[in-house]
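The values are calculated or read from the model by the stated rules, or taken from the named source; none is laboratory data. Everything numeric in this text was worked out from a predicted model, so none of it was measured. With ideal geometry, Cβ positions are generated from the backbone for all residues, glycine too; neighbour counts draw on all protein chains shown.
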Amino acid sequence: MIWIGDVLLSQGEGGVYNERILGGARVWDPHRSKLSALYHVGNGVELTAGMRVLYLGAANGTTVSHVADYVDVVYAVEFAPRPMQDLLEVSRRRRNVIPIMADASRPEQYAPLVEAVDLLYQDVAQPEQAGIALRNCSYLKNGGILILMLKTRSVDVRKEPAEVFQDTLDVLIAAGLVVQECVWLAPYHHDHAAIVCIKPVV
Amino acid sequence: MQSYWFGDVKDGRCKVFIGDPDAQINRLRAISTSMESFVPLEWEEAVLCGACSDRVDYLARLQAVCIAAAERSIREQYSRKDAELLQMVRTLDEIDTVINLLSERAAEWYLVRHPAFSRKYRRTPAHLLVKTMREKSKGALGNVAGGIEHLAETRTFLAKEVSARANDVMPNTSALIGGLVAARLLSHAGGLLLLSRLPASAIQVLGARTALFAHLKTQSPCPKHGIIFQHRRIHNAPRNIRGKVARVLAGKIAIAARLDYFRGVTAPDFLEEAQERIDAAGKRIKP
């Protein structure tokens, strides 16, 4: 990862969302992107040039564009038409972003399009986030990494975020994933936690 | 056999798909894979098939297919009749807010220019006040008042269009509670499909989010009605039976929304029965 002091950067064509440019590279703002926040508050996962990434909940393609600066290819899954319009514009400008308009909770919809990936990144506002992640793990290579951005308020607004977090963790561990890192994304994002897991080599 | 976007692979032999982009998207939608016997595709297979020359070519072709498929899905979703109504009714409600804000501000401004003026003991409706302000003010204030009047005209025009469009898109719901309120329900639910999937109890409190979550989190009483309060049979009902009328009305709206989504035409039998039932609920007053 490219850092200048405590500013995270990515190398690529700028002007995607009027992001700041520093030393010729694009500033990756932790307040806007949860993945950037993870790199600021925790360790995260080193993005490398050969990586293939399945990105669930791509939204407007803001974070996607930064991930695409680092890796080989990003399969960006988004369901809603409005953000998809923006995501398409991002993919027209970046040859390694593959936009997929499908429902992340039904991975079979995009099975004919996606190859096995090294990193599964999920940021969806759905109640059943652990289940969606597990279903998509079929695309993850053995030894591959899952980054789950848990939106606790989307799971249940009435439950305590810590309780939702523990429940999700239990589900992931029960499914055989090895948890590597868990951090809350405060002060950048409230009631959001990042869970980094490894799919063990069988 | 495994079906991929570029073709079918069976026992190491493959058949590349040949056809125009439209046919390719249709095929992509038709392919169904079960996740149990799922084998992730390997891009090298596409090269062996002769569908592409190398990885760069593979990704470029895949991206082109995916962009075309997504563009078509977006176009299809936006061409549904409720998509534009959603934007129309949201614009309408925002124009209302803007008109109110601007009128209040212009009135404050007018007061400074006319120290003897007061709105107390006057029953001047806001739009007449704006008219007075336009006529009696010089310079920018007169312009602002004129702008508000113009905005009000736009609002009236838009409201008519919203009503007409709502009658077309959701004939049954509109017949029960009027086009405008029906359109607002649609806007809060996020679309006709989503509205038709909501339970009656949710429709009843649609638009009363703050009160509902206050109720869920603390001991405050549950809201009896949200947007449907705007319907005359609820706000005209005596206080003690409003909740009851709201519940019955919401129940009928839930059915009407489903009729609208799945049939799309008026159901006279249902409407007649529903109107009777709602009227009856309004008449039963507890002793």
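Candidates are the residues of the stretch A:156-171 that are hydrophobic (A, V, I, L, M, F, W, C) and surrounded by fewer than 21 Cβ atoms within 10 Å (Cβ to Cβ); the one that is modelled with the lowest pLDDT is A:V157.
Okay, residues lined up against (1) surrounded by fewer than 17 Cβ atoms within 10 Å (Cβ to Cβ); (2) assigned to a helix (DSSP H, G or I); (3) free of Cβ contacts under 8 Å to residues at least 40 places away in the same chain; (4) more than 9 Å from chain A (Cβ to nearest Cβ):
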| position | (1), (2), (3), (4) |
| --- | --- |
| B:A46 | no, yes, no, yes |
| B:C52 | no, no, no, yes |
| B:Y58 | no, yes, yes, yes |
| B:L62 | no, yes, no, no |
| B:V65 | no, yes, no, no |
| B:A69 | no, yes, no, no |
| B:E84 | yes, yes, no, yes |
| B:T91 | yes, yes, no, yes |
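Apart from one condition, B:H235 fits all of (1) in contact (Cβ under 8 Å) with a residue 12 or more places away in the chain; (2) closer than 19 Å to B:S201 by Cα; the exception is (1). Scanning the stretch B:19-40 for residues that are aliphatic (A, V, I, L, M) and modelled with pLDDT of 85 or more yields a count of 4. Inspect all residues belonging to the stretch B:34-44 and state whether any of them is small (G, A, S), within 14 Å of another protein chain (Cβ to nearest Cβ) and in contact with a Phe, Trp or Tyr (Cβ under 7 Å, 6 or more places away or on another chain). For the stretch B:34-44, residues small (G, A, S), within 14 Å of another protein chain (Cβ to nearest Cβ) and in contact with a Phe, Trp or Tyr (Cβ under 7 Å, 6 or more places away or on another chain): absent.
Going by the conditions given, is B:S163 closer than 30 Å to B:P268 by Cα, part of a helix (DSSP H, G or I) and hydroxyl-bearing (S, T, Y)?
Yes.
Checking B:N26 against (1) in a helix (DSSP H, G or I); (2) without any contact (Cβ under 8 Å) to a residue 24 or more places away in the chain; (3) out of contact with any Leu (no Cβ under 8 Å at 6 or more places or on another chain); (4) within 10 Å of chain A (Cβ to nearest Cβ): exactly one of these is not met. Which one? Only one criterion is unmet by B:N26, namely (4).
Being on the phi > 0 side of the Ramachandran plot and in a helix (DSSP H, G or I) is a condition met by at least one residue of the stretch B:121-139. Among the candidates A:R158, A:R135, the residue that is within 14 Å of chain B (Cβ to nearest Cβ), farther than 30 Å from B:K217 by Cβ, in contact with a helix residue (DSSP H, G or I) (Cβ under 7 Å, 6 or more places away or on another chain) and not in a strand (DSSP E or B) is uniquely A:R135. Scanning the stretch B:126-183 for residues that are charged (D, E, K, R) and either more than 26 Å from the chain's Cα centre (by Cα) or more than 13 Å from B:L85 (Cα to Cα) (or both) yields B:K131, B:R134, B:E135, B:K136, B:K138, B:E149, B:E153, B:R155. Put simply, of B:S103, B:S118, B:S79 the only residue that is within 19 Å of the chain's Cα centre (by Cα), more than 10 Å from chain A (Cβ to nearest Cβ) and within 30 Å of B:T154 (Cα to Cα) is B:S79. Of everything in the stretch B:192-211 that is of a type in the set (S, T, N, Q) and within 17 Å of B:K252 (Cβ to Cβ), the residue that is surrounded by the fewest Cβ atoms within 10 Å (Cβ to Cβ) is B:S201. Which residue is nearest to A:I198 (Cα to Cα), if the candidates are limited to the stretch A:82-104 and must be of a type in the set (G, A, S) and more than 15 Å from the chain's Cα centre (by Cα)? The extreme case among them is A:A102. Which of the residues that make up the stretch A:130-149 are at pLDDT below 95 and touching a Phe, Trp or Tyr at 6+ places or on another chain (Cβ under 7 Å)? A:S138, the sole residue that qualifies.
Scan the stretch B:76-85 and give yes if some residue there is touching a Ser or Thr at 6+ places or on another chain (Cβ under 8 Å) and over 30 Å from B:G147 (Cα atoms), otherwise no. No; the residues of the stretch B:76-85 include none that is touching a Ser or Thr at 6+ places or on another chain (Cβ under 8 Å) and over 30 Å from B:G147 (Cα atoms). Would you call A:P127 at pLDDT below 95 and more than 26 Å from B:G7 (Cβ to Cβ)? Here the answer is yes, as A:P127 does meet what is asked.
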